[in-house]
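Asker: Take this structure, written in structure tokens, and hold onto it; I'll ask about it next.
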Amino acid sequence: MSLSFLKALGLTEIADAYAQKRVAPELQADDYAGAALFVMDFPPLPGPPVDPNEKPTTFVLIAGVLNNLTLDQIKVKDAGGLNFIRSGKRDADNPFFTLLFENKDWKLPCDVVLQVGENERTVRVNAPYFVATGVPMEPFARPEDFPRDKATTAIDKAALEGVNPLTLHEVKEDGKPAFAWFRYYPTQDKTGADNPNAVDLADLPPANEFDVGYVVRYVTSPKAQKCVLRLNSEGFSTTAIETIYLNGQKIYDDILSPRHLKSKDEVEVELKEGLNVMTARVGHTSWQWGTSFDFQGEDLKY
């Protein structure tokens, strides 16, 4: 990043000197072959599932940027249980490319192994969250002043009634969908270590300060069991004001932040046999908007 800033400022001599001192020789050359790869988040196609027991076909988009490679040099060595559909680029000169996979059986998480030129790259595809963002709140001075009464929406009401909130995507307000659900595949906690349970709501627009977002995750348990739900505010500046519903019951309502009383928490919950639906409303105060939901139980599937 420092090198990029120096070059952008036109300080070529300083940039060269910095590179010689700080940057490995193999990274100084711009003629090496490689590709950056990541799972891209995009809206579900054609829409979120109304009946989660049907587990309809979903899609996974792995994106990347090529450096001195052509698209035909990217080979899918192991699709990890997914069905590879196609690869593509916006145009011949654009280094950005995508690989589209069909997730028919929801075999997640899985590892997709790609042959990139002479090297291999493994991309972990985690089970998705469903996220809706953009419920605006008026500014409030302290996390304790979060206007919970104003934050309550049809999603909260549905969650308390045991209704799957994903069925609300057809609710209309002023002729437009009331809630646009995005399928979010966790790839990493951008402010810490990799975490397959972390979700960064700021990844999905809009991410205005004081907005409220919603997170839905399916948890399938082979039996009725008690387990622990571990919660964490992901990031050094996150203030996550979390209200969590599970199978029609409110199970949590508190503030998590490194700048507040606690940054993480645990709550004991009871899962029923079969499908469990967790819905979380997450308010925040600033630019960071990351959190994680980690169920600690036996043989759970997402």
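The values are calculated or read from the model by the stated rules, or taken from the named source; none is laboratory data. Since the structure is predicted, the reported quantities are computational estimates derived from the model, not experimental observations. A quick note on method: Cβ atoms are made from the backbone with ideal geometry, for glycine too, and the neighbour counts reach across all protein chains shown.
Asker: Return only the number of the condition from (1) hydroxyl-bearing (Ser, Thr, Tyr); (2) under 20 Å from residue 142 (Cα atoms); (3) under 19 Å from the mean Cα position of the chain (by Cα); (4) not in a loop (DSSP other than H, G, I, E, B) that residue 252 does not satisfy.
Answerer: Among (1) hydroxyl-bearing (Ser, Thr, Tyr); (2) under 20 Å from residue 142 (Cα atoms); (3) under 19 Å from the mean Cα position of the chain (by Cα); (4) not in a loop (DSSP other than H, G, I, E, B), the lone unmet condition for residue 252 is (3).
Asker: Mind checking which residues of the stretch 231-240 are modelled with pLDDT under 95 and in contact with a strand residue (DSSP E or B) (Cβ under 9 Å, 6 or more places away or on another chain)?
Answerer: 232, 233, 234, 235, 238, 239, 240
Asker: Then there's this: Given the condition more than 22 Å from residue 203 (Cα to Cα) and small (Gly, Ala, Ser), answer yes or no: does some residue in the stretch 145-158 qualify?
Answerer: yes
Asker: Here's a follow-up. Within the stretch 16-39, which residues are modelled with pLDDT of 70 or more and closer than 26 Å to residue 94 by Cα?
Answerer: Once the filter is applied, which keeps residues that are modelled with pLDDT of 70 or more and closer than 26 Å to residue 94 by Cα, the stretch 16-39 yields 34, 35, 36, 37, 38, 39.
Asker: Looking only at the stretch 106-127, which residues are of a type in the set (Val, Ile, Thr) and either within 15 Å of residue 40 (Cβ to Cβ) or surrounded by fewer than 17 Cβ atoms within 10 Å (Cβ to Cβ) (or both)?
Answerer: Hits for the stretch 106-127 are 112, 113, 122, 123, 125.
Asker: Inside the stretch 263-302, can you point out the residues that are basic (Lys, Arg) and over 23 Å from the mean Cα position of the chain (by Cα)?
Answerer: Selection gives 272 alone.
Asker: Now for a separate question. Have a look at 285, 238 and point out the one that is buried (at least 23 other Cβ atoms within 10 Å of the Cβ), outside any strand (DSSP E or B), assigned by TED's automatic domain parsing to the domain that holds residue 160 and free of Cβ contacts under 8 Å to residues at least 60 places away in the same chain.
Answerer: Result of the check over 285, 238: 238.
Asker: Let me ask something else. Could you run through the stretch 106-119 and say how many residues are over 23 Å from residue 293 (Cα atoms), of a type outside the set (A, V, I, L, M, F, W, C) and at pLDDT 90 or above?
Answerer: Residues flagged as over 23 Å from residue 293 (Cα atoms), of a type outside the set (A, V, I, L, M, F, W, C) and at pLDDT 90 or above within the stretch 106-119 amount to 1.
Asker: Counting just the residues of the stretch 81-105 that are surrounded by 14 or more Cβ atoms within 10 Å (Cβ to Cβ) and assigned to a loop (DSSP other than H, G, I, E, B), which one comes out modelled with the lowest pLDDT?
Answerer: Out of the qualifying residues, it is 104.
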